[in-house]
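What follows is a set of notes on a single structure, which appears directly below.
The values are calculated or read from the model by the stated rules, or taken from the named source; none is laboratory data. These figures come from a predicted structure and were not determined experimentally. No Cβ is skipped: glycine too gets one built from the backbone with ideal geometry, and neighbour counts run over all protein chains shown. Note: accessible area is taken over every heavy atom of the protein model, side chains too, but ligands, DNA and RNA are not part of it. Shrake-Rupley method; radii C 1.70, N 1.55, O 1.52, S 1.80 Å.
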Amino acid sequence: MGKIFLEVITPDKVLISREVDMVVAPGIEGEFGILEDHVAFLSGIVPGELRYMIDGKVEYCAVMEGFAEVSNNRVSVLVDAAEKAEEIDIERAKKALERAQKRLEQKEGIDIARAEAALRRAMARLKVAGRVRD
Ligand code: ATP
């Protein structure tokens, strides 16, 4: 299988910078998959699971908000935050989820968009963490 170069970059770090065989990412219009020789395109990224295959093995990471650029067999993902599945602190994500849920139950005097965004981040982390700890 032909290789593509995957970069996942946050303001703090370069989480991934390596050749892979395939990438599947959570685009704003749904999940999209990238193989060698994919047409160039740009997409918004929403909190969710980004997975990639290396020599037949699938690896998972959680990505938050940002965008992806695909061009010349290179996938560059720039996001607010990202963690490999093994690095995710499940207790922290559960607490973030509970906080967001409690806020949303209040209905008044809260920033709904902010609480919903926090909820989506926590759900993405818990989903991805579950991939390696079920
Ligand atoms: P919290 O309320 O727990 O801080 P958050 O969704 O507000 O969650 P972010 O703003 O998305 O957190 O991320 C801030 C930093 O903390 C980033 O570097 C991110 O990778 C890291 N981070 C957030 N939650 C977790 C987690 N559950 N496990 C590992 N790292 C995390």
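Points to keep in mind about this one:
- Boolean, Lys107 is out of contact with any Phe, Trp or Tyr (no Cβ under 7 Å at 6 or more places or on another chain), of a type in the set (Lys, Arg), away from the ligand (no atom under 16 Å from the Cβ) and farther than 30 Å from Asp21 by Cβ: yes
- Flag if Asp21 is surrounded by 16 or more Cβ atoms within 10 Å (Cβ to Cβ), more than 13 Å from the chain's Cα centre (by Cα) and more than 28 Å from Leu119 (Cα to Cα): yes
- For Asp37: the one exception among (1) in contact (Cβ under 8 Å) with a residue 40 or more places away in the chain; (2) farther than 17 Å from Lys127 by Cα: (1)
- For the residues Asp89, Asp134, the requirement of being modelled with pLDDT under 95 and of a type outside the set (A, V, I, L, M) singles out Asp134.
- Test: residue in the range 83-98 that is part of a strand (DSSP E or B) and closer than 19 Å to Val8 by Cα: yes
- Index of the failed condition, Arg114 passing every other in (1) open to solvent by less than 100 Å² (accessible area, probe 1.4 Å); (2) within 15 Å of the ligand (Cβ to nearest atom): (1)
- Residue check, Arg99 within 19 Å of the chain's Cα centre (by Cα) and either within 13 Å of the ligand (Cβ to nearest atom) or not assigned by TED's automatic domain parsing to the domain that holds Leu15 (or both): no
- Qualifying residues in the range 42-81 (those that are closer than 15 Å to Ile4 by Cβ and open to solvent by 60 Å² or more (accessible area, probe 1.4 Å)) - the one nearest to the chain's Cα centre (by Cα): Glu69
- Tabulated pairs, the range 87-103, first open to solvent by 100 Å² or more (accessible area, probe 1.4 Å), second β-branched (Val, Ile, Thr) and assigned to a helix (DSSP H, G or I), C-beta under 9 angstrom, 6+ apart or interchain: Arg103/Ile112
- Leu15 fulfils the conditions (1) assigned to a strand (DSSP E or B); (2) free of Cβ contacts under 8 Å to residues at least 60 places away in the same chain except for a single criterion, (2).
- Of all residues in the range 59-77, those that are within 16 Å of Ala40 (Cβ to Cβ) and either part of a strand (DSSP E or B) or charged (D, E, K, R) (or both) total 9.
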